[in-house]
Amino acid sequence: MSITNENLPKSMRYGLHGATAVQASTTLARFSSVNGTTFTPTGSNEIRIRISANGFMQTEKHYMHFQLTTATADAVIDTSAGCVFDRMTIEANGSIVEQISNYGLYHAIRENYNNDVNDIYKKLTESGCGGLAVKNDVTAIGLAAADTAAAVKTVTDAAHAANNGKLFPAEKSAAGEFITAGHSKHFVVQLESGLLKNSLKKALPDSLTELELVLRLAPNAQALASAGAATYQIDNPTLYCPVMKILNGDVMASYRSVVAQEGVMWSGVTAKSYINAVPLAAGTKTLQINDRSISCLGMVTALRVATADSTNAIYSNGSFGYTDVDSTDKITEFHYILNGENFPASNIKLSVAENGLNVGRAVEETLKALAKHGEDYSKSTICKNQCVKQFDATYAASPATNGLDVPRGLFSVDLKKMSDDGLRMVGYNSAQNSSPSVLELDCTVALAAACTASTFCIVESFYQMSPNGDLSSAM
């Protein structure tokens, strides 16, 4: 058999190396708000940033920087600093090309299900996200009446024996950066946008029309968790993004020729939001999701108390699950119905009880539904304990913030036909007919308080730049 370079290990193939990069220059562009520098949820609550660059914007590396100042009461960031945004909109020539409502909740879901450990420590520093923590459950030591040395020894020995060798799992906390009332901190966050963080990390093309990013602030109680009524304001919000300029004339001439003939198209993954009220009584809850998407990759639904966004002492964005009473089964089964068919084909059963615990299939569907483009599963930092806790657990004053006492369980279904980063249109076409999509929840025991189900349809969005630079989208 003849030996060729193909038979050699790469460590010996010295002719195998990367191609020489085209001549280019890159600068970090800065885009500030055009409608002021100070914003509050009860005053000027919309941040508007216009984006236009002479070159290719490498939006995969974009980030928002802003200063957040609290007042009235101490507070913690709810999951991540992205919690301060209630809605994200991107417009081009007055037309909306992307909009995500209930953005703070969606950002928190991505924060929990699309992070690995390295991401956690990066975002812990930049965006004030909740980190990995271990809850120290101290055993109480008390005496009924006797206070003799022998009695003290007996109870302390018993307490020591109870905790000796005990293992405490490290879990991701919903309690983010702690901010004392009147203090300010600076945060850096990436926006969960299908346009900016598109599927194949494409740069926004040169000669693209000016974009306008509109961020609406979330109410105080929705953005922060506190024992009091904390308020906040945002100062100097700024978008940073590397902009690359190609310095080779032949390359740019070829690029402009292609754009002039057919424009440019790319795709990304974004979300559409739908909210349903969940009745208190036991029985089957039928929730309509009127989604019309040409490629729906999955659906994820977060069940929360209806007052979550208006209550200071609740993690509005970081708490969603399967029960509102600890270790008590409430929602015991669910499935989606699309065009008259069950998805998945067999109902997913649930149990949060220690005896009969059953959350595996629900987590499996969530990890697949939230997987990034071309990946089979998302990189979750959620453990078993964070699926079985009650979602109405309240915040307590620092340091006992109850950040580890809230769940992150979702009602999800994966609708992708296949996972391949070289393919598009791999989702379910929910726009093919007018019948609504439905989520059915089987509630064995009535919920303790009124709840809402927030459903995010994870969809492919296709962006098209015309030869004159105009941008449009289809999803």
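The values are calculated or read from the model by the stated rules, or taken from the named source; none is laboratory data. Please read these numbers as outputs of a predicted model, since none were measured by experiment. Backbone-built Cβ (ideal geometry, glycine too); neighbour counts: all protein chains shown.
Yes or no: VAL269 surrounded by fewer than 17 Cβ atoms within 10 Å (Cβ to Cβ), among the β-branched types (Val, Ile, Thr) and out of contact with any helix residue (DSSP H, G or I) (no Cβ under 9 Å at 6 or more places or on another chain)? In short, no.
Name the residue, out of LEU204, LEU195, that is within 17 Å of the chain's Cα centre (by Cα) and buried (at least 22 other Cβ atoms within 10 Å of the Cβ).
Working: LEU204 fails: within 17 Å of the chain's Cα centre (by Cα).
That would be LEU195, the only listed residue that is within 17 Å of the chain's Cα centre (by Cα) and buried (at least 22 other Cβ atoms within 10 Å of the Cβ).
Selection of the range 83-127 for residues being under 14 Å from GLN190 (Cβ atoms), within 9 Å of the chain's Cα centre (by Cα) and modelled with pLDDT under 95 yields GLU111, ASN114.
The strands (runs of 3 or more DSSP E) found entirely in the range 1-90 that carry 2 or more residues being in contact with a His (Cβ under 7 Å, 6 or more places away or on another chain) are 63-71. When restricted to residues that are under 22 Å from LYS368 (Cβ atoms), of a type outside the set (A, V, I, L, M) and either surrounded by 21 or more Cβ atoms within 10 Å (Cβ to Cβ) or under 17 Å from the mean Cα position of the chain (by Cα) (or both), the range 390-417 contains 7. Among the criteria (1) of a type in the set (Lys, Arg); (2) in a helix (DSSP H, G or I); (3) closer than 30 Å to ALA221 by Cβ, the one LYS153 does not fulfil is (3). The set of residues from the range 72-91 being closer than 18 Å to THR180 by Cα and of a type in the set (D, E, K, R) comprises ASP74, ASP78. For the range 15-72, a residue qualifies if it is at positive phi and either of a type in the set (Lys, Arg) or in contact with a strand residue (DSSP E or B) (Cβ under 8 Å, 6 or more places away or on another chain) (or both), and the qualifying residues are GLY55, THR72. In this structure, LEU208 does satisfy being aliphatic (A, V, I, L, M) and either under 20 Å from SER32 (Cα atoms) or in contact (Cβ under 8 Å) with a residue 40 or more places away in the chain (or both). Scanning the range 24-78 for residues that are surrounded by 15 or more Cβ atoms within 10 Å (Cβ to Cβ), free of Cβ contacts under 8 Å to residues at least 60 places away in the same chain and among the aliphatic types (A, V, I, L, M) yields a count of 0. Among the residues of the range 241-258, those identified as under 28 Å from TYR63 (Cα atoms) and surrounded by 13 or more Cβ atoms within 10 Å (Cβ to Cβ) are CYS241, PRO242, VAL243, MET244, LYS245, ILE246, MET252, TYR255. In the range 92-108, of all residues being crowded, with 23+ Cβ neighbours inside 10 Å and among the hydroxyl-bearing types (Ser, Thr, Tyr), the one that is nearest to ASP470 (Cα to Cα) corresponds to TYR103. Being in a strand (DSSP E or B) and within 30 Å of SER316 (Cα to Cα) holds for only one residue in SER430, SER472, SER461, and it is SER461.
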